[in-house]
1. Counting only residues that are surrounded by fewer than 19 Cβ atoms within 10 Å (Cβ to Cβ) and either at pLDDT below 95 or out of contact with any strand residue (DSSP E or B) (no Cβ under 8 Å at 6 or more places or on another chain) (or both), how many does the range 104-129 have?
2. When residues of the range 185-208 are filtered for being touching a Phe, Trp or Tyr at 6+ places or on another chain (Cβ under 9 Å) and either open to solvent by 60 Å² or more (accessible area, probe 1.4 Å) or assigned to a helix (DSSP H, G or I) (or both), how many remain?
3. Please work out which residue is nearest to Ile310 (Cα to Cα), limiting yourself to the range 30-47 and to residues that are modelled with pLDDT of 95 or more and of a type in the set (A, V, I, L, M, F, W, C).
4. When the range 272-288 is examined, which residues are found to be out of contact with any His (no Cβ under 8 Å at 6 or more places or on another chain) and either at positive phi or open to solvent by less than 30 Å² (accessible area, probe 1.4 Å) (or both)?
5. For the range 161-193, how many residues are among the basic types (Lys, Arg) and without any contact (Cβ under 8 Å) to a residue 40 or more places away in the chain?
6. Of all residues in the range 213-232, count the ones that are under 14 Å from Phe152 (Cα atoms) and among the basic types (Lys, Arg).
7. Looking at Lys230, Lys259, Lys217 in this structure, which one is touching a residue at least 24 places away in the same chain (Cβ under 8 Å), assigned to a helix (DSSP H, G or I) and in contact with a Cys (Cβ under 7 Å, 6 or more places away or on another chain)?
8. Among the residues of the range 59-73 satisfying the criterion of being part of a helix (DSSP H, G or I) and at pLDDT below 95, which is farthest from Thr47 (Cα to Cα)?
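The values are calculated or read from the model by the stated rules, or taken from the named source; none is laboratory data. These numbers were taken from a predicted model, which means no experiment stands behind them. Here the Cβ is made from the backbone with ideal geometry for all residues, glycine too, and neighbour counts use every protein chain on show. Note: areas computed on protein heavy atoms with side chains; ligands, DNA, RNA excluded. Shrake-Rupley method; radii C 1.70, N 1.55, O 1.52, S 1.80 Å.
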Amino acid sequence: MQIKKATASASSNIAFIKYWGKKDEEKIIPMNTSVSMTLRDSVSTTTTVTFSSQFPKDTLVLNGKKEVGKKLEKVSQFLDIIRKKFAVHEHAAVESQNSFPTGCGIASSASGFAALAMASVEALGITIGKKELSALARRGSGSACRSVYTGFVTWSGSFAEQIYEKKHWPELRDVIVIIDAEEKKMSSRDAMKRTVETSDAYKKRLTVVDDRVEVVKQAIGQKDFPLLAKTIMEDSDELHACLKDTKPNVKYLTEKSYKIIEVVRRMNMDQVIVGYTFDAGPNAHLITLEQHVESVVQNIKACMGDVSIIIG
């Protein structure tokens, strides 16, 4: 009996310009270009994949819990894509561990499917380039195609591309404020579909988002933090306005989320030192520079009390 086994890790990423909506639901091709920063190991997924002809079906253990239902189904569907692409017939046992809360708006699917793609091809002894690996990870979760790379990444089509390495701007940090570690009630996938179909504000967003992408790329290239912070806050506000305009509306932000926004505005009164951005969840990603991390954390704790914070 031949057992093929490998372990891989991938970090989550935070989108400065959000991916929201698909041109192609099945293939996961985005409606707009997104720009992201891949985070540190403190926000990562480690996955072990074992293929064996002895396994009667795929299995998934996530954070120590054996999964059935939707999560297993999603992983199995992704493994089917791999099996078809590389003419593989064995089922797989997948064990995955996140270093952060799952499904609460910190892109666990991004790091999860990037790590799953990487571990699967390594276990099968397949050598592919980063672009092909990115395109493969995309089929599990759109944002996973960005987590195949470190540093700063754009995604507009079937694969993502690194625009700057991590060492270009290593001082940039993501202070993640966990105000609710529960899994969100509506998945990003379902919310996106509803927004695309029903929101007029979303249609307007599509006419301006490409210009914002260029501004963010310029801000990263020139290490212009105030410009970066201003633009990512604009994009986050706009995305959540689109969700509010969705019918029926989608609410990911809570009172505590809005409280954090107010704290950020106060911190930026004299000088722009931090920018907020929210994905599909209530938890805040506060983008700042290494020199301001301590100040940002102290201000948040002074206002929010004993919240959990991860530095990404």
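1. Here the count works out to 4.
2. 7
3. My answer is Leu39.
4. Listed by number, the residues that qualify are Gly275, Ala280, Gly281, Pro282, Asn283, Ala284, His285, Leu286, Ile287, Thr288.
5. Total satisfying the criteria: 3.
6. Number satisfying all stated conditions: 2.
7. Lys259
8. Lys70
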